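A.B. asks: I have a structure I would like to understand better, so I am pasting it below and will then ask my questions one at a time.
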Amino acid sequence: MNFEFATAQRIVFGPGKLNELPELIKGLGRKAALITGSNAERIGPIFQTLKNCGVEPAAFSIKGEPTVDRIAGLSKNARELGCDFVVAFGGGSVIDAGKAIAALLTNTRDLMDYLEVIGKGEPLTEPPAPCIAIPTTAGTGAEVTRNSVLHSEKHQVKVSMRHPLMLPTVALIDPELTLSMPPEVTASTGLDAFIQLLEAFTSNKANPLTDAICREGLKRVARSIYRAYLHPDDLNARTDMAFASLCGGLALANSGLGVIHGFAGPIGGMFKAPHGFVCAALLPAAAVMNFDTLKTREPENPAIAKFQEAARIILRDEKATIENAQEYLKDLCVQMFVPGLSEFGIKKTDFSAIVTKAKNSSSMKGNPIQLTDEELHSLLEESLFPPMDGNETLYI
């Protein structure tokens, strides 16, 4: 029962809540760095809202995942323009970029000084500029996490800039913003949220507060992920998924993750691969590997009971077994057309480099059991190709 918990200063959640943006930015400053994706048409209303509030927006676009060089350059530009605060409007990559830029507006040393693994990993010395995080996807929960994941093209790895002060000032979550997500993005981001909840729940750093959050998140995502995929205009399903994503972010920021995300960072740095689908490709084999290894090597590990409880929550059946849940997860990946790792150009000859990098990742340290190099290689091999068929009837 010894733990800490931290999150955004304020969370505003619900359909239509984007309308509260004018009130939320009051007093934050006269000039805003507006961080967005590549869809210029979609950001028009946000841009105009800022102008109507007397705020001068400086728009910066993030195409794909934020890179170390791109963030260093945008931060310099935002400082030179005199930006007082940040509004990040987009998916997880955009919000990660926004958090990093907010931090670098006030912490002006070289970005490498603050990066983990490839840099010095030094703490921030000044509080970041205020940051309003507005997600338009339901997956990463980045609006309530304390790190920014950046891609180092030079090192071919994704690394984090991390500090408790990087939590956004306001997380503004409006599920209506996710209604336009196409099925592929719904699947990729939704499965990422699912996996984050499962890994945070079974993490060796979990605590009673994150457990409670994960239980609610798993319940929501299990009943709505496939419905949101099949019926994109179902606002109730979209609201469930937005809330599940929020729960995942709240939990992982305080309990860590596991082997799936431990692999996802290095793979995303080495190959052009969507983060959510990389995680989903690893999910069926990782679920089996973790549970079987725990039963064999650490039968008293409390994570075994956590996996069994997660199975009952996911299947909404008090008699469900972990084997039932493993089959369900495999079938869900089949129904949502999750590719295998080979689809992203990964070959067996890449395994050693991936494993070496993954073992240094912060996520791997949260896995409920330490896996051997042989087990990690086996997990990658079993994830190279997608399951061939699905037999279960999925809940919709």
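A.B. asks: In region 10-177, what percentage of the DSSP-assigned beta bridges are antiparallel, given to the nearest 5?
C.D. replies: Details: 7 of 30 bridges.
Roughly 25 percent of the DSSP beta bridges within region 10-177 come out antiparallel.
A.B. asks: Test of understanding: in a Gaussian network model of the chain with alpha carbons linked when under 10 Å, which of 80, 116, 153 would top the mean-square fluctuation ranking?
C.D. replies: Among 80, 116, 153, the largest GNM mean-square fluctuation belongs to 80.
A.B. asks: Moving to a separate point now. Taking the DSSP beta bridges in the chain as the whole, what percent of them are antiparallel, to the nearest 5? If you can, show how the numbers build up before the last one.
C.D. replies: Details: 7 of 30 bridges.
Given both bridge residues lie in the chain, the antiparallel proportion sits at roughly 25 percent.
A.B. asks: Which net charge results for the neighbourhood of residue 7, defined as the other residues with beta-carbon distances under 12 angstrom from its beta-carbon, given Lys and Arg at +1 and Asp and Glu at -1? Intermediate values should be presented prior to the final figure.
C.D. replies: Working: positive: 10, 146; negative: 4, 143.
Summing Lys/Arg as +1 and Asp/Glu as -1 gives 0.
A.B. asks: Kindly express, to the nearest 10 degrees and within the range 0 to 90, the angle between helix 68-80's C-alpha long axis and the longest C-alpha principal axis of the chain.
C.D. replies: Here the helix axis deviates by roughly 20 degrees.
A.B. asks: Cut-off is 10 Å between beta-carbons; in what order do 122, 375, 300 appear when sorted fewest neighbours first?
C.D. replies: 300, 122, 375
A.B. asks: Net charge near residue 342: determine it from the other residues with C-beta under 11 Å of the C-beta of residue 342, scoring Lys and Arg +1 and Asp and Glu -1.
C.D. replies: -1
A.B. asks: Based only on other Cβ atoms within 10 Å, what is the fewest-to-most ordering of 140, 108?
C.D. replies: On the way: 140 25, 108 11.
Listed from fewest to most nearby Cβ atoms, that is 108, 140.
A.B. asks: Ranking 125, 296 by Cβ neighbours within 10 Å, fewest first, what do you get?
C.D. replies: Numbers: 125 12, 296 9.
Fewest-to-most ranking of 125, 296: 296, 125.
A.B. asks: Let me ask you something else. Could you please state, rounded to a whole Å, how far the C-alpha centre of region 239-257 is from the C-alpha centre of region 290-357?
C.D. replies: 19
A.B. asks: Okay, moving on. Give me the percent relative contact order of the chain, please, defined on Cα pairs under 8 angstrom at least 6 residues apart. Intermediate results must be reported in sequence, preceding the final value.
C.D. replies: On the way: 808 pairs, mean separation 61.9, N = 396.
Reported relative contact order: 16 percent.
A.B. asks: Please list log₁₀ I(q)/I(0) at q = 0.06, 0.07, 0.10, 0.13 Å⁻¹ for the chain, using the Debye equation with identical point scatterers on the alpha-carbon positions.
C.D. replies: So the normalised log intensities work out to -0.21, -0.29, -0.61, -1.04.
A.B. asks: Work through the residues other than residue 69 whose Cβ is under 9 Å from its Cβ and net out their charges, Lys, Arg +1 and Asp, Glu -1. Can you show the working numbers first?
C.D. replies: Details: positive: 70, 154; negative: 153.
Value of the local net charge: +1.
A.B. asks: Taking every alpha carbon pair in region 199-303, what does the distance histogram look like in 5 angstrom bins from 0, in percent?
C.D. replies: Going from the shortest bin to the longest, the percentages are 2, 12, 17, 19, 22, 16, 8, 2, 1, 0.
A.B. asks: Nearest 10 degrees is fine. How inclined is helix 235-255 to the longest principal axis of the chain, computing both from alpha carbons?
C.D. replies: 90
A.B. asks: Enumerate the whole-percent occupancy of each 5 Å bin, from 0 to the last occupied one, for all C-alpha pair distances of region 48-99.
C.D. replies: 4, 19, 29, 26, 15, 6, 1
A.B. asks: Find the centroid of the Cα atoms in region 124-143 and in region 56-123, then give the distance between the two in whole Å.
C.D. replies: 11
A.B. asks: Applying 1/(1 + (r/R0)^6) with R0 = 51 Å to the Cβ-Cβ distance of residue 216 and residue 356, what FRET efficiency is obtained, to the nearest 0.05?
C.D. replies: Numbers: r = 37 Å, r/R0 = 0.72.
Using R0 = 51 Å, I get an efficiency of 0.90.
A.B. asks: Which shape class applies to region 286-396: rounded if a/c is under 1.5, otherwise prolate when a/b exceeds b/c and oblate if not, where a ≥ b ≥ c are the square roots of the Cα gyration tensor eigenvalues? Walk me through the intermediate numbers first.
C.D. replies: On the way: a/c = 2.44, a/b = 1.18, b/c = 2.06.
The shape class here is oblate.
A.B. asks: Once the Cα atoms of region 10-177 are picked out, what are the Rg and Dmax in Å?
C.D. replies: 14.7, 43
A.B. asks: Quick one: which residues, 5 or more positions from residue 67 or on another chain, have an amide H under 5 Å from its amide H? H modelled 1.01 Å from N in the peptide plane, none for Pro or chain starts.
C.D. replies: 151
A.B. asks: Next question. Can you bin region 279-329 into rounded, prolate or oblate? Criterion: square roots of the alpha carbon gyration tensor eigenvalues sorted a ≥ b ≥ c, rounded for a/c under 1.5, prolate for a/b above b/c, oblate for the rest.
C.D. replies: Working: a/c = 2.21, a/b = 1.11, b/c = 1.98.
Cα axes put region 279-329 in the oblate bin.
A.B. asks: May I pose another question? Treating cross-link reach as a plain straight distance, find the lysines whose alpha-carbon is under 17 Å from the alpha-carbon of residue 219, omitting any fewer than eight places away in the same chain.
C.D. replies: In chain and number order, the partners are 306, 319.
A.B. asks: Please give the calculated 222 nm ellipticity per residue for the chain, where each DSSP H segment of at least 4 residues contributes -39500 (n - 2.57) and the sum is spread over every residue; nearest 500 deg cm²/dmol? Walk me through the numbers before you get to the answer.
C.D. replies: Numbers: 13 runs with 189 residues, N = 396.
Result for the chain, helices only: -15500 deg cm²/dmol.
Read-outs: derived from the displayed coordinates by stated rules, not from any lab. What you see is a predicted model, and the numbers here were worked out from it, not measured in a lab. For neighbour counting, all protein chains shown are included, and Cβ atoms are generated from backbone atoms with ideal geometry for every residue, glycine included.
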